[in-house]
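Presented below is the structure to which this report refers.
The values are calculated or read from the model by the stated rules, or taken from the named source; none is laboratory data. Here the structure is a predicted model, which means the values were calculated and not measured. Cβ atoms come from the backbone with ideal geometry, glycine included; neighbour counts cover every protein chain shown. For accessibility, only protein heavy atoms count, side chains too; no ligands or nucleic acids. Shrake-Rupley method; radii C 1.70, N 1.55, O 1.52, S 1.80 Å.
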Amino acid sequence: MERKDIITAPQLFSLLFLVNIIIGITYNLPMAQSSSMWDHVISAAIALLINVVYLLPMYKLYKINPTMSIADNCAVNFKKLGTVFLIIYGVYYLFAYCYTLSLFNIFVRDVVNPDISLFMLTLCVILAASYATCKGIEGIARACTIILFIICASIAFIVFTLIPQIDVMNFPPLLFEGLMDTVNGTVYLASLSFYIPLAAIIMPFAKGNIKKTLIASTVSIYALFVLVIAVVTGALGDYLKTQNFPIYTATSVAGIGVFKRMDAIYLGIFTSGLFITVSLFLFAFFSVMKRLFGEGKSKIIIFLSDVLVLILSLILPMFKEVSYFFYDIKFIFMFTMATAFVIPLVILIKHKMQIK
């Protein structure tokens, strides 16, 4: 296959880092089945190690043939089983797309409550993501650089605003309430490693030092997460236990002076980052569908998938019985582990056996 180097390693870093930030913004203590945010400092360190292990077989596959994505490897190394793997990846990217949008809808409906219709807001994000997918990864990467800069500046503002409010009495002893908060936090954080299966699709489009890029994006996001946890816990203390979205709560507390509506700015920034994130999931899904059905039929599938995601992302938050499984961290953890680690490892073993 002809390799197309159309984005740089720094742009790849920006894409992966932004995806992690947007997923991290919806960090949710009830979904993590935890009451202690501070114990998740330990969870973050363990999840970091898990992600490094996840990256190993995927990167080994990339080194064998840098022009091949995970979709190409599934199709080339297997026949019928390869088709099954492609279907699994397709469902996973579509799931991540729907998960991110539906959680965004829960956040907007329950916390922000903006004047704009939730349906119109979701529709605009989906239409923009579909357009970006048609334009390709290069356009998404260029937009990502600008949006990431704005998001990082906003995070820096929030952190520096909250630092003077830190009280050491707000930090409980680690593992004070036992191990379960840490264990659940680890499963929760590791389950949201959507960027690893995503990287398996977009790495062949990048040029530069991919190994350093993957390591840097993984270490950076967990370092940022630990910093935010420390600052938010120190500033807000036990008040966090009553909040579903503690990171958003921090923006409200940080909204002082000329930035009294920091929460409104936060929504605008979040929506911009969400657009990039769902564009990448849709691009990955489109790449898998092209491998299965060809480009012509894939465009029709993308349209139908957009309609499905629009409906599900609006309906799922309304029905707890149905959405329980959809947001179950153990299910997401297993699904992510299968696509990030197990399938790449199976393909790598098959490739090694063929060489022998």
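Residues are listed down the side, and each one gets a yes or a no for (1) small (Gly, Ala, Ser); (2) free of Cβ contacts under 8 Å to residues at least 40 places away in the same chain; (3) exposed (fewer than 14 other Cβ atoms within 10 Å of the Cβ):
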site: 138; (1), (2), (3): no, no, yes
site: 173; (1), (2), (3): no, yes, yes
site: 199; (1), (2), (3): yes, no, no
site: 206; (1), (2), (3): yes, no, no
site: 233; (1), (2), (3): no, no, no
site: 246; (1), (2), (3): no, no, no
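A search for C-beta distances below 6 Å between a residue of segment 272-299 that is without any contact (Cβ under 8 Å) to a residue 12 or more places away in the chain and open to solvent by less than 20 Å² (accessible area, probe 1.4 Å) and any residue that is small (Gly, Ala, Ser) and assigned to a helix (DSSP H, G or I), counting only pairs 6+ apart in sequence or on different chains, returns nothing. Among the residues of segment 87-102, the one identified as crowded, with 21+ Cβ neighbours inside 10 Å and of a type in the set (Val, Ile, Thr) is 100.
Would you mind stating whether residue 64 is β-branched (Val, Ile, Thr) and surrounded by 21 or more Cβ atoms within 10 Å (Cβ to Cβ)? So residue 64 does not fit the description; no.
Tell me the residue from 315, 302 that is within 22 Å of residue 134 (Cα to Cα), at pLDDT 65 or above and not polar (S, T, N, Q), please. Give the steps one after another, and end with the answer.
Working: 315 fails: within 22 Å of residue 134 (Cα to Cα).
Of 315, 302, the one residue that is within 22 Å of residue 134 (Cα to Cα), at pLDDT 65 or above and not polar (S, T, N, Q) is 302.
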